[in-house]
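Undergrad: Before I ask anything, here is the structure I am working with.
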Amino acid sequence: MRLLIVEDDAKTARALESGLQSEGFSVVLAHTGEEGFFLLSSESFDLIVLDWMLPGRDGIEILKAARARGTQTPILLLTAQIP
(Lines give C-alpha, C1' and ligand atoms only; values in the text may rest on other atoms or scores of the structure.)
Protein backbone atom coordinates (compact mmCIF):
# COMPACT_ATOMS: atom_id res chain seq x y z
CA MET A 1 0.00 0.00 0.00
CA ARG A 2 1.40 3.40 -1.03
CA LEU A 3 0.81 6.38 1.27
CA LEU A 4 1.39 10.12 0.88
CA ILE A 5 2.08 12.04 4.09
CA VAL A 6 1.83 15.82 3.84
CA GLU A 7 3.23 17.23 7.10
CA ASP A 8 5.35 20.34 7.64
CA ASP A 9 6.64 19.40 11.10
CA ALA A 10 9.79 17.34 10.44
CA LYS A 11 9.62 15.39 13.72
CA THR A 12 5.98 14.40 13.17
CA ALA A 13 6.63 13.51 9.52
CA ARG A 14 9.58 11.27 10.45
CA ALA A 15 7.59 9.54 13.21
CA LEU A 16 4.67 8.83 10.87
CA GLU A 17 7.01 7.67 8.12
CA SER A 18 8.98 5.38 10.42
CA GLY A 19 5.91 3.85 12.06
CA LEU A 20 4.10 3.24 8.79
CA GLN A 21 7.17 1.84 7.04
CA SER A 22 7.74 -0.56 9.94
CA GLU A 23 4.22 -1.87 9.25
CA GLY A 24 5.11 -2.51 5.60
CA PHE A 25 3.69 0.61 3.94
CA SER A 26 5.49 2.49 1.17
CA VAL A 27 5.61 6.16 2.22
CA VAL A 28 6.19 9.36 0.25
CA LEU A 29 6.68 12.57 2.25
CA ALA A 30 5.77 16.15 1.31
CA HIS A 31 6.56 19.07 3.61
CA THR A 32 4.45 21.86 2.09
CA GLY A 33 0.91 22.12 0.80
CA GLU A 34 2.15 22.90 -2.72
CA GLU A 35 4.45 19.86 -2.78
CA GLY A 36 1.68 17.63 -1.44
CA PHE A 37 -0.87 18.88 -3.96
CA PHE A 38 1.61 18.36 -6.82
CA LEU A 39 2.31 14.78 -5.71
CA LEU A 40 -1.33 13.81 -5.23
CA SER A 41 -2.14 15.34 -8.64
CA SER A 42 0.67 13.55 -10.46
CA GLU A 43 1.05 10.19 -8.70
CA SER A 44 -1.20 7.43 -7.41
CA PHE A 45 -1.65 6.73 -3.69
CA ASP A 46 -3.86 4.37 -1.69
CA LEU A 47 -4.19 6.79 1.24
CA ILE A 48 -3.24 10.40 1.96
CA VAL A 49 -2.40 11.64 5.47
CA LEU A 50 -2.80 15.40 5.32
CA ASP A 51 -1.92 18.02 7.93
CA TRP A 52 -4.62 20.67 8.27
CA MET A 53 -2.26 23.62 8.78
CA LEU A 54 0.49 23.76 6.15
CA PRO A 55 2.62 26.48 4.58
CA GLY A 56 1.30 27.50 1.16
CA ARG A 57 -1.96 25.65 0.60
CA ASP A 58 -3.52 24.36 3.80
CA GLY A 59 -4.97 20.88 4.16
CA ILE A 60 -8.58 21.97 3.62
CA GLU A 61 -7.68 23.73 0.36
CA ILE A 62 -5.85 20.62 -0.83
CA LEU A 63 -8.75 18.37 0.16
CA LYS A 64 -11.29 20.56 -1.66
CA ALA A 65 -9.13 20.80 -4.79
CA ALA A 66 -8.50 17.05 -4.83
CA ARG A 67 -12.20 16.24 -4.51
CA ALA A 68 -13.08 18.84 -7.18
CA ARG A 69 -10.67 17.03 -9.53
CA GLY A 70 -12.40 13.73 -8.84
CA THR A 71 -9.78 12.21 -6.54
CA GLN A 72 -11.48 9.47 -4.54
CA THR A 73 -8.43 8.41 -2.54
CA PRO A 74 -9.20 8.27 1.20
CA ILE A 75 -7.75 11.31 2.99
CA LEU A 76 -7.07 11.45 6.73
CA LEU A 77 -6.73 15.01 8.11
CA LEU A 78 -4.45 15.63 11.09
CA THR A 79 -4.20 18.73 13.24
CA ALA A 80 -2.48 19.86 16.40
CA GLN A 81 -4.92 22.78 16.64
CA ILE A 82 -6.80 22.83 19.93
CA PRO A 83 -10.23 24.46 19.71
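Undergrad: Counting heavy atoms of the protein chains only and a 1.4 Å probe, report the per residue accessible area for the chain as a whole number of Å².
TA: Numbers: 4950 Å² over 83 residues.
That works out to 60 Å² per residue.
Undergrad: With all protein chains present, how much of the accessible area of the chain (probe radius 1.4 Å) comes from carbon and sulfur, to the nearest whole percent? Could you put the intermediate results ahead of the total?
TA: On the way: 2750 of 4950 Å².
Solvent-exposed carbon and sulfur of the chain make up 56 percent of the total.
Undergrad: What number in nm² do you get for the chain if you take the convex hull of its Cα atoms and divide its surface by four?
TA: On the way: hull surface 20.9 nm².
For the chain, the mean projected area of the Cα convex hull comes to 5.2 nm².
Undergrad: Enumerate the amide H contacts of V27 below 5 Å, restricted to partners 5 or more residues apart or on another chain; note that Pro and chain-start residues carry no placed amide H.
TA: L3
Undergrad: Run lengths n ≥ 4 of DSSP H only: what is the helix-derived mean residue ellipticity at 222 nm for the chain, with -39500 (n - 2.57) per run over all residues, to the nearest 500? Working shown, then result.
TA: Details: 3 runs with 33 residues, N = 83.
When only DSSP H runs of four or more count, the value is -12000 deg cm²/dmol.
Undergrad: Between S26 and R14, 0.36 nm times their residue separation minus their Cα-Cα distance comes to what? Numbers along the way, then the final one.
TA: Working: separation 12, 0.36 × 12 = 4.32 nm, distance 1.34 nm.
That pair, S26 and R14, stretches by 3.0 nm at full extension.
Undergrad: Once fully extended, how much extra length lies between L76 and L47, figured as 0.36 nm per residue of separation less the alpha-carbon to alpha-carbon distance? Kindly include the intermediate steps, with their values, before the conclusion.
TA: Numbers: separation 29, 0.36 × 29 = 10.44 nm, distance 0.78 nm.
Taking 0.36 nm per residue and subtracting the Cα distance, the gain is 9.7 nm.
The values are calculated or read from the model by the stated rules, or taken from the named source; none is laboratory data. What you see is a predicted model; the values in this text were computed from it and never measured. SASA here: full protein model, heavy atoms, side chains in, ligands and nucleic acids out. Shrake-Rupley method; radii C 1.70, N 1.55, O 1.52, S 1.80 Å.
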